[in-house]
Amino acid sequence: MGKYLDIFVGWFGYRLEDWALITFGTIANVLVVALPVLLAVAMIVWVDRKVWAAIQIRKGPNMVGPYGLMQSFADGLKVFLKETIIPAGANKFLFLLAPALSLIFGLVGWAVIPFGEGVVVSDLNVGILYLFAVSSLAVYGIIIAGWASNSRYAFLGAMRSAAQMVSYEVSIGFILVTVLLCVGSLNLTDIVLAQKGVSLGIFDGYFFTGLMPMFFIFFISALAETNRTPFDLPEAEEEIVAGFQIEYSSMSMALFYLGEYANIILMCGMMSILFFGGWLPPFDWEPLYAIPGFIWLFIKMFFFFFCFAWVKASVPRYRYDQLMRLGWKVFLPISLLWVVLTSGYLVFFGKLAG
Amino acid sequence: MIAALCFYIFATILVGSAVMVVFSKNPVHSVLFLILAFFNAAGLFVLLGAEFVAMILVIVYVGAVAVMFLFVVMMLDINFTELRKGVQDYLPIGLLIGFILLVEMVVIVGGWSMTDGIATTIMAPTPPINEVTNTDAIGRILYTDYIYLFQLAGLILLVAMIGAIVLTHRKRPGVKKQNIGDQVRRRRAQAFEAVDVKPGEGIV
């Protein structure tokens, strides 16, 4: 705090009140995280399209800027200049609120993601619960959009999405519990530090290796939670045109995309932090620590995003009953069983932390 | 000062949205105001330092229960003006029930008496917030002193869940379902028949 005070004395020539300082400091912190996330979203859309194109032996976006790097910005400018059309029968306020909500819930989760030891906007004691809460809120943007549009297709998309996201949240919850049991803390920094000395967060012979099946279930649940292929039923083009987005145009539609991709990168971040050691280097070897932690985190997140894009390009869409069967009859029992096995193992061998 | 400001903001929005839950014309708006109320209640819990309860409130109520409410309310096709026609007729009896409930609550609170040992229980030290996180503290008390009540609550929920399934589950005849085992066991002979069609005769 003292450091910030001195900075402000230097800038403004007088001391700011404490509350003003806290407010400005918080806003600055938030911007330092939120702006790069938005930039990352723009770039990751380009990566997504490039990977998708490469798998289909196409070139992908290659016209705007070097290697088509500026494509997302060109698209952004285009949608920004278009007209926002609000259907006559729509509930105007909720119709405009929904895309904003979906972006907000995509961004607020980043508040607790640690980019290094102590490099985090808010080091919550219950960080992982916060992330879980935020990811469960993402459904509101979609469900409100579907209802406010006053269209059958949009409404069907919203219903599908609500049921799907609530179903997969259950198994995600149990997966988080297994990780928590091993670590003994709800704080994300503690979760990462508990994986120190564990190569890539996997290979230490015992419990982190035992969490690997949970990682795969988490990965698939994350696909369902973010409405990615093969679980993109809420916006299935062939069945319900574009689902909840059907009535949206210009910037309001772009906000949905931004929110969706922000959520996807957040999920990639969660996977890196929970299972692959977050900002820690892949091997506990001194020279690797010379590279800043956030770079390791970015590399891991990028790898998981590549897997997301890979899945999108190569897997056909699930049917709705299959989706529900997978969530409730396969993932839920397995993750519940794994909670019992993990806690039994930890208690039996006296490894319970805390 | 920021804490006080936050408290008044959260509290005002909480009370305001709670009122709007009752007075909104459209039930979907009511549910959305209910969600806003939950959210602000969670904010108040955070201000109290009870971050665990705040997060659980958001996860359970906002993330799951309210989604289900919204789900059901959005699917109902109700004519609201029709529904509000009888308000005048039912107002006296509604007010009467409200008044009886109020009287009952006053009687209960008025007749409230503390047990003898309450002074020592209140004086018992709660762990300081900066030493023990409240997740830890709740866990320690919930799984020791209140373990039977906790298990009982779980059992009640289990019974409720099984009850809901039993009441709503029905076997529907004539529904085609995918049986992966059957599909895999199917051989060519069951699926394919070669018919030698003679010219000019066709298949009868």
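The values are calculated or read from the model by the stated rules, or taken from the named source; none is laboratory data. Keep in mind it's a predicted model, so treat the numbers as computed, not measured. Backbone-built Cβ (ideal geometry, glycine too); neighbour counts: all protein chains shown. Each accessible area value is taken on the protein alone, full model and side chains, heavy atoms only, with ligands, DNA and RNA left out. Shrake-Rupley method; radii C 1.70, N 1.55, O 1.52, S 1.80 Å.
Just to check your reading of the model, which residue among B:VAL87, B:VAL28, B:VAL103 is open to solvent by less than 100 Å² (accessible area, probe 1.4 Å) and either under 30 Å from A:SER167 (Cβ atoms) or within 14 Å of chain A (Cβ to nearest Cβ) (or both)? If you could, list the steps in order and put the result at the bottom.
Numbers: B:VAL87 fails: either under 30 Å from A:SER167 (Cβ atoms) or within 14 Å of chain A (Cβ to nearest Cβ) (or both); B:VAL103 fails: either under 30 Å from A:SER167 (Cβ atoms) or within 14 Å of chain A (Cβ to nearest Cβ) (or both).
Checking each option against the conditions leaves just B:VAL28.
Which helices (runs of 4 or more DSSP H) sit wholly inside segment B:1-101 and have at least 2 residues that are among the β-branched types (Val, Ile, Thr), touching a residue at least 40 places away in the same chain (Cβ under 8 Å) and closer than 19 Å to A:ALA148 by Cβ? Explain how you work it out, then say what you get.
Details: elements: B:2-23, B:27-48, B:51-56, B:66-75, B:80-83.
By residue number, B:27-48.
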Worksheet entry | Cross-chain or 6+ apart pairs with Cβ under 8 Å, segment A:268-297 first and among the hydrophobic types (A, V, I, L, M, F, W, C), then open to solvent by 70 Å² or more (accessible area, probe 1.4 Å) and part of a helix (DSSP H, G or I) | A:CYS268/A:PHE302; A:TRP279/A:PHE294
Worksheet item: Pick from segment A:111-133 the residues that are part of a helix (DSSP H, G or I) and open to solvent by less than 10 Å² (accessible area, probe 1.4 Å): which of them is nearest to the other protein chains (Cβ to nearest Cβ)?
Response: A:ALA133
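Has segment A:341-348 got any residue that is within 14 Å of chain B (Cβ to nearest Cβ), within 27 Å of A:MET165 (Cα to Cα) and surrounded by 12 or more Cβ atoms within 10 Å (Cβ to Cβ)? Talk me through it step by step, then tell me what you get.
First pass over segment A:341-348, keeping only residues within 14 Å of chain B (Cβ to nearest Cβ): A:343, A:347.
Those still in the list that are within 27 Å of A:MET165 (Cα to Cα) too: A:343.
Now drop any that are not surrounded by 12 or more Cβ atoms within 10 Å (Cβ to Cβ), which leaves A:343.
Within segment A:341-348, one or more residues are within 14 Å of chain B (Cβ to nearest Cβ), within 27 Å of A:MET165 (Cα to Cα) and surrounded by 12 or more Cβ atoms within 10 Å (Cβ to Cβ).
Residues checked against (1) closer than 22 Å to A:PHE105 by Cβ; (2) polar (S, T, N, Q):
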{"site": "A:GLU239", "(1), (2)": "no, no"}
{"site": "A:SER250", "(1), (2)": "yes, yes"}
{"site": "A:ALA254", "(1), (2)": "yes, no"}
{"site": "A:GLY269", "(1), (2)": "yes, no"}
{"site": "A:GLU286", "(1), (2)": "no, no"}
{"site": "A:PHE294", "(1), (2)": "no, no"}
{"site": "A:LEU297", "(1), (2)": "yes, no"}
{"site": "A:SER314", "(1), (2)": "no, yes"}
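I'm trying to understand the selection: among the residues of segment A:156-187, which are of a type in the set (A, V, I, L, M, F, W, C) and closer than 22 Å to A:ASP123 by Cβ? I'd like the intermediate steps shown before the answer.
Of the residues in segment A:156-187, the ones of a type in the set (A, V, I, L, M, F, W, C) are A:156, A:158-159, A:162-163, A:165-166, A:170, A:172, A:174-177, A:179-183, A:186.
Within segment A:156-187, A:LEU176, A:VAL177, A:VAL179, A:LEU180, A:LEU181, A:CYS182, A:VAL183, A:LEU186 qualify.
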Discussion item. Exactly one of these conditions fails for A:ILE172: (1) over 21 Å from A:THR26 (Cα atoms); (2) modelled with pLDDT under 90; (3) part of a helix (DSSP H, G or I). Give me its number.
Written reply: (2)
Worksheet entry | Odd one out for A:VAL139, checked against (1) surrounded by fewer than 24 Cβ atoms within 10 Å (Cβ to Cβ); (2) aliphatic (A, V, I, L, M); (3) free of Cβ contacts under 8 Å to residues at least 40 places away in the same chain | (1)
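Listed residues A:TRP310, A:TRP296, A:TRP328, A:TRP285; which is open to solvent by 20 Å² or more (accessible area, probe 1.4 Å), within 14 Å of another protein chain (Cβ to nearest Cβ) and among the aromatic types (Phe, Trp, Tyr)?
Numbers: A:TRP310 fails: within 14 Å of another protein chain (Cβ to nearest Cβ); A:TRP296 fails: within 14 Å of another protein chain (Cβ to nearest Cβ); A:TRP285 fails: within 14 Å of another protein chain (Cβ to nearest Cβ).
None of the others qualify; the one that does is A:TRP328.
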Practice prompt. Count, please, the residues in segment B:31-52 that happen to be facing another protein chain (nearest Cβ under 10 Å) and open to solvent by 40 Å² or more (accessible area, probe 1.4 Å).
Written response: 3
Worksheet entry | Candidates B:ILE156, B:ILE162, B:ILE180, B:ILE147, filtered to the one that is closer than 24 Å to A:GLN322 by Cβ and free of Cβ contacts under 8 Å to residues at least 12 places away in the same chain | B:ILE180
Response to the item:
Apart from one, (1) in contact with a helix residue (DSSP H, G or I) (Cβ under 8 Å, 6 or more places away or on another chain); (2) more than 12 Å from chain B (Cβ to nearest Cβ); (3) open to solvent by less than 30 Å² (accessible area, probe 1.4 Å) all hold for A:SER151; the odd one out is (1)
Practice prompt. Working only within segment A:121-163, note down all residues that are over 17 Å from A:TYR320 (Cβ atoms) and aromatic (Phe, Trp, Tyr).
Written response: A:TYR130, A:PHE132, A:TYR140, A:TRP147
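Do you know which of the residues in segment A:106-153 that are of a type in the set (S, T, N, Q) and in contact with a Leu (Cβ under 8 Å, 6 or more places away or on another chain) is nearest to A:LEU280 (Cα to Cα)?
Taking segment A:106-153 as the starting set, the residues that turn out to be of a type in the set (S, T, N, Q) are A:122, A:125, A:135-136, A:149-151.
Among the residues that remain, those that are also in contact with a Leu (Cβ under 8 Å, 6 or more places away or on another chain) are: A:125, A:135.
Details: A:ASN125: 20, A:SER135: 24 Å.
So, considering only residues that are of a type in the set (S, T, N, Q) and in contact with a Leu (Cβ under 8 Å, 6 or more places away or on another chain), the one nearest to A:LEU280 (Cα to Cα) is A:ASN125.
Could you grab me the full set of residues in segment A:175-184 that are in a helix (DSSP H, G or I) and at the interface with chain B (Cβ under 10 Å from one of its Cβ atoms)?
Residues of segment A:175-184 that are in a helix (DSSP H, G or I), as a first pass: A:175-183.
The answer is A:LEU180, and nothing else.
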Worksheet entry | Filter result for the condition that a residue is at pLDDT 85 or above and among the β-branched types (Val, Ile, Thr), over A:VAL166, A:VAL179 | A:VAL179
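For every residue, the table says whether it meets (1) open to solvent by 50 Å² or more (accessible area, probe 1.4 Å); (2) not in a helix (DSSP H, G or I).
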site	(1), (2)
A:VAL37	no, no
A:TRP52	yes, no
A:PRO87	no, yes
A:LEU103	no, no
